[in-house]
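The values are calculated or read from the model by the stated rules, or taken from the named source; none is laboratory data. All of these numbers come straight from a predicted model, not from anything done at the bench. With ideal geometry, Cβ positions are generated from the backbone for all residues, glycine too; neighbour counts draw on all protein chains shown.
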Amino acid sequence: MWGAVSIIFSMICVLLAVAFFTLFERKVLGYMALRKGPNKVSLMGLLLPFADAIKLFTKEFNMPMKANFLVFIGAPAVNFFLMLLLWLLFPIFFAGQAFFLGLIFFLCVSSLAVYALMAAGWSSNSKYTFLGALRSIAQTISYEVSMVFILLFSVVIFSSFDLSTMLSKSVWVVVLFLPLGFMWGLTCLAETNRAPLDFAEGESELVSGFNVEYSGGGFTLVFMAEYGSILFLSMVTSVLFFGASSFGLGGAVELMTMKVLFFSLCFIWLRAAYPRVRYDALMDVTWKIFLPVSISVLFISMMMKVYI
């Protein structure tokens, strides 16, 4: 019973975090573009996320005439459910589950999200959505290959797949090989389809990509799944690469929160600072640079672990 209550509580916290992260993004983008952010709804815009939720969920849910009904309805829900499933790995004592192979679970669930995007693009029966889905599949699968080897580098350092164990050891893995941190950051951008690597929903070419036919509740679920994934990857970055301290230490909760907020800010900062890159450049980077470098670093670290 306590486990079910803790999971429900953590899911509610995730949904609230996603809601206020949208407000945070709008304000940051407003200040970076030297314009006003959304600060007119109540005090400092604090009620804006709730106003957005009411507006989006009460909008009419339109569906194309030739769309596949069940897949079109189910794809956003599956995408949202997979995002919530990832947060079961959040390593805190009163919520989440003890996963001995937590990173393997993370890779499996994040890989399944590709099928949700593919189903959303295919079921809409539109050329723009289908092209966006194809881009998303190619981009995500390509970057997941190098992402596995980058994560395995941290696994070799910590000698564990468990996020709780990594949290308690608090090792700054990124200091051991700094370029690996930049590679992980770009991989996170590609996995979440965020600018400047948002080819799955490139407005300048594909109107809005795989979700162009979605409105109302369907669009909201896709939107929330993306932002929930950003927050989760910010947490994983803090734990795996930037030495998040154990929650048993004084001030560690605040330190962990500040790190997660900083990495979430980096997602917004990159969106405001850089234009969308070329698609062939995106693929060249992962197959010709990230993959050979990550495999080489992993091999060297394993040899050092064995012989030192």
* Structure fact -> Of the listed residues (Gly217, Gly250), the one being surrounded by fewer than 18 Cβ atoms within 10 Å (Cβ to Cβ) and at pLDDT below 80 is Gly250
* Asked: Got a sec? Which helices (runs of 4 or more DSSP H) wholly within the range 1-99 have at least 3 residues that are over 30 Å from Phe130 (Cβ atoms) and at pLDDT 85 or above?
  -> 2-32, 48-58
* Return only the number of the condition from (1) assigned to a helix (DSSP H, G or I); (2) modelled with pLDDT of 80 or more; (3) surrounded by fewer than 21 Cβ atoms within 10 Å (Cβ to Cβ); (4) of a type in the set (A, V, I, L, M) that Met224 does not satisfy. => (3)
* the range 28-47, residues that are under 18 Å from Glu226 (Cβ atoms) and either loosely packed, with under 12 Cβ neighbours inside 10 Å or not β-branched (Val, Ile, Thr) (or both) -> Leu29
* **Condition met for Val175 (among the β-branched types (Val, Ile, Thr) and assigned to a helix (DSSP H, G or I))** => yes
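Among the residues of the range 178-197, count how many are assigned to a loop (DSSP other than H, G, I, E, B) and surrounded by fewer than 17 Cβ atoms within 10 Å (Cβ to Cβ).
Qualifying residue count, the range 178-197: 1.
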* Asked: So is Met235 surrounded by 19 or more Cβ atoms within 10 Å (Cβ to Cβ) and modelled with pLDDT under 85 or not?
  -> no
* Structure fact -> Counting only residues in the range 120-174 that are more than 13 Å from Phe241 (Cα to Cα) and of a type in the set (Lys, Arg), the one surrounded by the fewest Cβ atoms within 10 Å (Cβ to Cβ) is identified as Lys127
* Asked: Here are Ser168, Ser160, Ser164, Ser204: which of them is at pLDDT below 85 and part of a loop (DSSP other than H, G, I, E, B)?
  -> Ser160
* Asked: With respect to the numbered conditions (1) farther than 15 Å from Thr187 by Cα; (2) surrounded by fewer than 14 Cβ atoms within 10 Å (Cβ to Cβ), which one is the sole condition not fulfilled by Ala281?
  -> (1)
* Asked: All but one of (1) surrounded by 17 or more Cβ atoms within 10 Å (Cβ to Cβ); (2) over 23 Å from Leu265 (Cα atoms); (3) in contact with a Gly (Cβ under 7 Å, 6 or more places away or on another chain) hold for Ala75; which doesn't?
  -> (3)
* Out of curiosity, is Lys66 closer than 27 Å to Lys127 by Cβ and in contact with a helix residue (DSSP H, G or I) (Cβ under 6 Å, 6 or more places away or on another chain)? -> no
